[in-house]
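The values are calculated or read from the model by the stated rules, or taken from the named source; none is laboratory data. Keep in mind that this is a model prediction, so the values were computed, not measured. Cβ sites come from the backbone with ideal geometry, for glycine too, and all protein chains shown count toward neighbours.
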Amino acid sequence: MAVTVSLAGRTTAPAAQGAPVRIGGFGGAEGLAQYLTTERVDAFIDATHPYAAIISANAAAAAAATRVPLLALRRPPWAPLPGDRWIEVADTAAAVEALGEAPRRVFVTLGKTEIGTFARAPQHHYLVRSVEPVDPPLAVPHAAYVTGRGPFTEADDRALLVTHAIDMLVAKNSGGSATYGKIAAARVLGLPVILLRRPALPDVPTVETVEDVVTWLDHAIALRGV
């Protein structure tokens, strides 16, 4: 069985993969459908980030157009535990509103293409963590930046929050363990967390673990007689 991993190309140094890697977009659902047909793809796994709504919509449309079996691998969202102080909002604009008018010290863990909205609230001090350096920097008087790729431990994130005197967090409900450290740290420190709600995603067959993907893939390949 030949496997190809497709990456969007948003990071300059993606994590190593154990299969050939294709980097870059396809040109929307139509371009993706053309790729599936040209490459004679037998099964299609959508393992994108749970907030990559456009990519997932294109995947569903392309799979439907080409009748290639599609499975989505989606991490379940985090659930609040006793002590969590979550404020759920629809988008970054709502997150900015939720910060309020009084100056805060805010830890932001969003993509570098999403943080520009916070320039609307320049009174806050921001600590921004991203995989890639933020360029151009956020257009506010007070911002610091750290780069890193998870997993992040609760102890390390707690130390980071304390060192920078953070009193509020902004994050996505990404699920999984790699970036949960900040959520656990905020709980221990009693800090409020503004969480962006997950977007609506296509209604396609979905599993939560890689093991379930492998089981489905074996079945899908067998049905197509590969």
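Below are the figures for this structure:
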{"quantity": "Residue within segment 28-42 that is touching a residue at least 40 places away in the same chain (Cβ under 8 Å) and touching a Pro at 6+ places or on another chain (Cβ under 7 Å) present", "calculated": "no"}
{"quantity": "Answer from V106, V21 - the residue that is in contact with a strand residue (DSSP E or B) (Cβ under 6 Å, 6 or more places away or on another chain) and outside the structural domain of V207 (by TED's automatic domain parsing)", "calculated": "V106"}
{"quantity": "Check on V214, farther than 23 Å from I54 by Cα, at pLDDT 90 or above, not acidic (D, E) and not assigned by TED's automatic domain parsing to the domain that holds I115", "calculated": "yes"}
{"quantity": "Every residue from segment 151-190 that is in contact with a helix residue (DSSP H, G or I) (Cβ under 7 Å, 6 or more places away or on another chain), surrounded by fewer than 18 Cβ atoms within 10 Å (Cβ to Cβ) and of a type in the set (A, V, I, L, M)", "calculated": "V188, L189"}
{"quantity": "Elements of type helices (runs of 4 or more DSSP H) contained in segment 12-106, each with 2 or more residues being closer than 17 Å to V207 by Cα", "calculated": "53-66"}
{"quantity": "Residue in segment 106-117 that is surrounded by fewer than 18 Cβ atoms within 10 Å (Cβ to Cβ) and aliphatic (A, V, I, L, M) present", "calculated": "no"}
